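Rule-based calculations on the coordinates, nothing more; no lab input. This structure is a prediction, so every number in the text was calculated from the model and none was measured. Methodologically, a virtual Cβ is constructed for each residue, glycine included, from the backbone with ideal geometry; neighbour enumeration extends over all protein chains shown.
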Amino acid sequence: MYNMALTRINVHYPSMLAVAAGASFLLWTARRYHVYQQDLAPELSVQNGPHPGSKRKAPPSVQARLAAATATPPPLDKTCQKGSPPRQHCQNKNQQAESPVGPRPADSITVGNAARLVQYEALMNDFVTEGLDLVAVKSAQGSFALDELMDWPGIWPKLYPVPFPSVRLAVIPLDGGQLNYGGPKLALSLSAIAREITAALTGYNVYVNPRSGYHTSLFYMSHPNDIRPDTTIEGGGDLFQNGGVTVPSADNLAWEHLQVSKLAETTSQITLEVERITFTRAGALLVLFIDASNPSEPQGKPSIVVDTLRERMRNTFPGASIKQPQPIIHGTLLRLLAPCTPLPTTMKAKIVGICDKWTSKLSGDQYSTDRVWLVHETRFSSLEGEKQAHLLRANK
């Protein structure tokens with residue numbers, strides 16, 4: 001993306017002010033890009049499954065799902081029906097796979113979810129085997145302010161160094177009040193996990209995401225590392241104009257809202273299922289989901305709602321950012337920021353144990369939403385800024 005950003009800056013700067021603004025923005029972008037690779041899109045650092053040197057044994061529920069994901073699925077019984085939460089899986093009449101968290105036939109796991117499962121297991125195994133990526137942890141510090149004048153270190157996300165609303169994204173809110181099935185349990189559980197991990201990180205400064213900031217990103221119209229002023233045209237428009245970063249026009253912003261509303265009106269209810277809790281090498285504590293919506297099309301062909309919606313957004317917004325959160329579906333609970341030192345072995349083992357404990361408790365739990373938000377974000381990964389809800393078809 002950094003190279004791409006350089007190639008997009010092909011306009012004539014009218015003054016030295018524009019040169020200074022451009023240089024400052026690109027330095028910030030380069031610093032943030034490494035963090036994105038290691039954290040916001042952890043799938044980019046995952047190769048092919050668990051690290052070969054890892055001896056960690058996944059919880060039983062995770063092992064069952066991994067086995068189902070890599071198995072050859074039996075043919076679908078096209079006469080079976082789906083129910084709404086709790087979801088009932090469409091399966092072959094003669095075959096059914098059981099897991100410690102309840103029925104989960106292999107044919108209910110699509111290609112998209114199967115790939116997610118393998119990547120999710122690799123994330124934790126990479127952390128177990130290699131520990132923190134200290135370069136990524138150091139880079140993340142640039143997105144947060146640490147107030148060392150206080151009696152205790154106050155940490156909060158910094159404002160983006162670009163005009164509002166340069167950063168624009170569609171999300172599924174995970175706060176309890178925004179989910180119409182299972183939300184309170186999810187929000188309370190995620191808060192409890194964050195508190196337990198924070199207590200285990202003795203001597204480390206962490207930023208704990210507030211419940212109001214819980215979300216999973218669906219699609220970036222304009223990513224903080226890949227700003228796109230105009231999503232109506234290929235390339236996203238001129239990055240710099242009039243001595244600074246281009247501000248999106250009111251017409252473009254109104255068009256984005258209209259398109260998201262149209263997409264929501266033709267999207268079925270989204271149901272997310274907790275797959276696991278994991279800690280990454282970049283120092284982020286994540287809740288990882290699979291898409292459990294999986295309605296049947298008229299022909300009986302199963303489709304994945306989140307993957308389909310992301311693809312439709314990509315087709316709708318030709319000028320949107322290249323950087324996107326797919327294929328994983330995740331929410332960030334906290335970030336380790338300082339000091340930038342390796343975790344003691346006992347502390348790392350304790351963190352892994354906490355994650356596995358909560359994975360065993362929550363894996364298989366489902367949560368449904370009746371909306372997606374379009375957010376004009378002001379601070380890094382916080383959901384602070386202007387938000388507008390767009391209701392999904394099934395809930396209108």
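Magnitude of the charge dipole for region 216-296, about its Cα centre and with charges confined to Cβ atoms of Lys, Arg (+1) and Asp, Glu (-1), is about 300 debye. Each other residue within a Cβ distance under 14 Å of residue 165 adds +1 if Lys or Arg and -1 if Asp or Glu, for a net charge of -2. Based on alpha carbons, the Rg and Dmax found for region 328-396 are 17.7, 51 Å. Note on residue 265 and residue 118: their simple-model spin labels are 4.0 nm apart, each label 7 Å out from Cα toward Cβ. Relative to the current alpha-carbon distance between residue 311 and residue 251, full extension at 0.36 nm per residue lengthens the span by 19.3 nm. The charge dipole of region 246-396, taken about the Cα centre with unit charges on the Cβ atoms of Lys, Arg (+1) and Asp, Glu (-1), comes to about 440 debye, rounded to the nearest 20.
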